[in-house]
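Visitor: A single structure is presented below for examination.
None of the figures in this text is laboratory data; all of them are computed from the coordinates on show. It should be emphasised that the depicted structure is a prediction, and the values quoted were computed from it without experimental measurement. Backbone-built Cβ (ideal geometry, glycine too); neighbour counts: all protein chains shown.
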Amino acid sequence: MRLVGLTKMGFVGMILTQAGMFVLPAVTIAMIVQFPLIYVIYKVLFEEDLGYVPSVVPSGAAIFNALFIGVLIPFLSSIVPIRRGLAANLTETLDTSRSKSKGALITIVDNNALVVGPYLLFGSIAVLFGIIVYYGLPIALLKLNFGMILAIFFMLLLGMLLGLTLFAVNMQSALEMVLLHVLLFWETKSMRAVLRKNLISHKKKNRLTAIIYALSLGCIIFLLTSANLQVNLITGFSAKAGADIRIQ
């Protein structure tokens with residue numbers, strides 16, 4: 001496309017248009033099939049504990065959030081292909097006989113021009129998170145503010161999700177080598193060496209896949225935990241309202 005005169009803005013527009021062509025049908029189909037799926041999920045999760053199936057019609061805010069996230073994420077995921085396409089030169093792009101995967105990257109860092117903004121931002125967020133947990137949780141317990149307690153509990157779950165994801169990313173290389181020797185112990189030493197080099201050359205792509213898988217699995221576990229918490233909360237309120245004697 002660059003050879004036929006496509007500009008950088010045209011290339012960006014082409015990538016975003018392709019993302020939109022995938023997004024619109026997917027969002028439309030998701031909005032149609034959500035009702036039977038929600039009914040099945042509610043029937044499995046809530047009917048036995050609550051005794052009834054809640055309404056399967058989502059609220060307006062839920063529909064807006066689903067549409068916003070469903071449209072936003074694919075366009076955000078287009079940033080990486082756009083950056084790769086604009087950063088690659090024409091010589092490397094036209095060379096189809098060599099692999100585009102780079103097994104080793106050499107980075108020269110100038111300490112005088114080191115960018116500390118991301119580190120300061122992450123540290124500030126971590127400090128703020130710690131202050132909210134260690135200062136807000138005792139106050140919420142003393143005041144019996146259940147809303148604040150639940151909010152802090154959800155923040156702790158999100159922090160655990162992020163921490164476990166970072167831990168999984170840092171342990172990726174070691175786990176790959178362990179699985180290589182455990183699952184392919186019967187292969188020859190030369191074959192394992194080839195596979196090891198293949199894993200090393202695709203380390204960056206495998207890391208992105210591991211992050212996506214870890215976040216997806218963590219979100220599913222988080223949603224199930226939140227659903228069980230809500231069910232237990234509703235069951236507790238129902239038992240409290242139906243008691244013979246209620247003490248304030």
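Visitor: Return the distance in nm (one decimal) between the two label points of a simple spin-label model at E187 and S173, each offset 7 Å from Cα along Cα→Cβ.
Guide: If labels sit at E187 and S173, their model points lie 1.9 nm apart.
Visitor: Using DSSP to call loops (not H, G, I, E or B), can you name the chymotrypsin sites (Phe, Trp or Tyr not before Pro) in region 150-197 whose Cβ has at most 13 other Cβ atoms within 10 angstrom?
Guide: Those that pass, being in a loop and sparsely packed, are F185, W186.
Visitor: For region 22-29, just list the computed ³J(HN,Hα) in residue order, Karplus coefficients 6.51, -1.76 and 1.60, θ = phi - 60°, integers in Hz, with x standing in for Gly and Pro.
Guide: Ordered by residue, 3J(HN,Hα) equals 7, 6, 4, x, 5, 5, 5, 5 Hz.
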